[in-house]
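S.K.: Pasting in a structure now, in structure tokens, and then I'll have a few things to ask.
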Amino acid sequence: MRIVVTQNITLDGRIEMLDDWFDPADQDEEMLALNRQHSEAQDVLLLGRRTFEDFRGFWPEQTDDTTGVSEQLDRCDKRVITSTLTEPGWRNTTLLDRDPLEVARELRAGPDGEVCVTGSIQLTHALLAAGLVDEVRLFTYPVWQGRGRGLFPEGAAIPRMRVREARAFRCGVGYTALEPATAGPADRTRGTA
């Protein structure tokens, strides 16, 4: 499986949402279509506890969701890295009290498919630092937040990446898909670092 990190990010590289700059319902049709395409390709949603709790506290309550995100999240295979939760409280959820890198390596060694990580800043940082991410998808919002955690922690070595795809949406959000610059065909197959 491929591990794909998808993040909403500000112009100054912040993925921690401290201000009110992101609304999941505020997407144009083209952006919504791309998000649906990504969701359909996703076999597993891997989350950290905090992001999972945020999702669980919001999406199941969206009975009038026209984006389809609520329905997709309800039925998808969710795996949560946590040492504190004991009951998922959301169907199709598995709680994993294990080393997140071990979990990622096991998933990556599995059959063809896609594991999506979103939000989950500590998990994202760990996966990027370990070289376990096959693709990074960034939805860049035209906002300068000025504080909060970024895609990479302060002082981290940033791997060389190359742009696989880029586009801009009418709603003002930019999209960039990146992959490791050193990735060759063999590196993109399952189970390699």
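S.K.: Could you state the accessible area per residue of the chain in Å², with a 1.4 Å probe and every protein chain left in place?
M.R.: That works out to 53 Å² for each residue.
S.K.: Could you give each residue of the range 142-147 its phi-based ³J(HN,Hα) in whole Hz, using Karplus coefficients 6.51, -1.76, 1.60 with θ = phi - 60°, and x for Gly or Pro?
M.R.: Coupling constants for the range 142-147: x, 9, 10, 8, x, 6 Hz.
S.K.: For the pair Ala129/Thr182, report the inter-label distance in nm, with labels modelled 7 Å from Cα in the Cβ direction.
M.R.: A separation of 1.8 nm, rounded to one decimal place.
S.K.: Using unit Cβ charges (K, R positive; D, E negative) and no other charged atoms, how large, in debye to the nearest 20, is the dipole of the chain about its Cα centre?
M.R.: It comes to approximately 720 debye.
S.K.: Continuing with this model, one more query. Would you calculate, for the chain, the mean residue ellipticity at 222 nm contributed by helices, counting each DSSP H stretch of 4 or more residues as -39,500 (n - 2.57) and dividing by all residues, to the nearest 500?
M.R.: -7000 deg cm²/dmol
S.K.: Rounded to a whole number, what % of the accessible area of the chain do carbon and sulfur atoms account for, probe 1.4 Å?
M.R.: 49
S.K.: Can I ask one more? Quick one: net charge of Val5's neighbours, Cβ under 10 Å, K/R +1, D/E -1?
M.R.: With Lys, Arg at +1 and Asp, Glu at -1, the neighbours total -1.
S.K.: Answer rounded, prolate or oblate for the chain, using the Cα gyration tensor with square roots of eigenvalues a ≥ b ≥ c: rounded when a/c is under 1.5, else prolate when a/b is larger than b/c, else oblate.
M.R.: Rounded.
S.K.: So if R0 is 22 Å, what FRET efficiency would Glu87 and Glu61 give, r being the distance between their Cβ atoms, rounded to the nearest 0.05? Walk me through the numbers on the way to the answer.
M.R.: Numbers: r = 18 Å, r/R0 = 0.83.
Efficiency at R0 = 22 Å is approximately 0.75.
S.K.: Additional query: Counting pairwise Cα distances across the range 1-66, what percent come out greater than 13 angstrom?
M.R.: Taking all Cα-Cα pairs of the range 1-66, the fraction more than 13 Å apart is 76 percent.
S.K.: State whether the range 129-178 is rounded, prolate or oblate according to the following rule on the C-alpha gyration tensor (a ≥ b ≥ c being the square roots of its eigenvalues): a/c under 1.5 gives rounded; otherwise a/b larger than b/c gives prolate, and the remaining case gives oblate.
M.R.: Verdict is oblate for the range 129-178.
S.K.: Based on the mean of other beta carbon atoms within 10 Å per residue, what is the order of 45-57, 85-97, 27-39, most packed first?
M.R.: Going from most to least packed, we get 45-57, 27-39, 85-97.
S.K.: Next question, about the same structure. How much net charge surrounds Pro153 when only the other residues with a Cβ under 13 Å from the Cβ of Pro153 are counted, with Lys and Arg +1 and Asp and Glu -1?
M.R.: So the surrounding residues net to 0.
The values are calculated or read from the model by the stated rules, or taken from the named source; none is laboratory data. These figures come from a predicted structure and were not determined experimentally. Neighbour counts are summed over all protein chains in view; Cβ atoms, including those assigned to glycine, are modelled from backbone coordinates with ideal geometry. The area values use the complete protein model at the heavy-atom level, side chains included, leaving out ligands, DNA and RNA. Shrake-Rupley method; radii C 1.70, N 1.55, O 1.52, S 1.80 Å.
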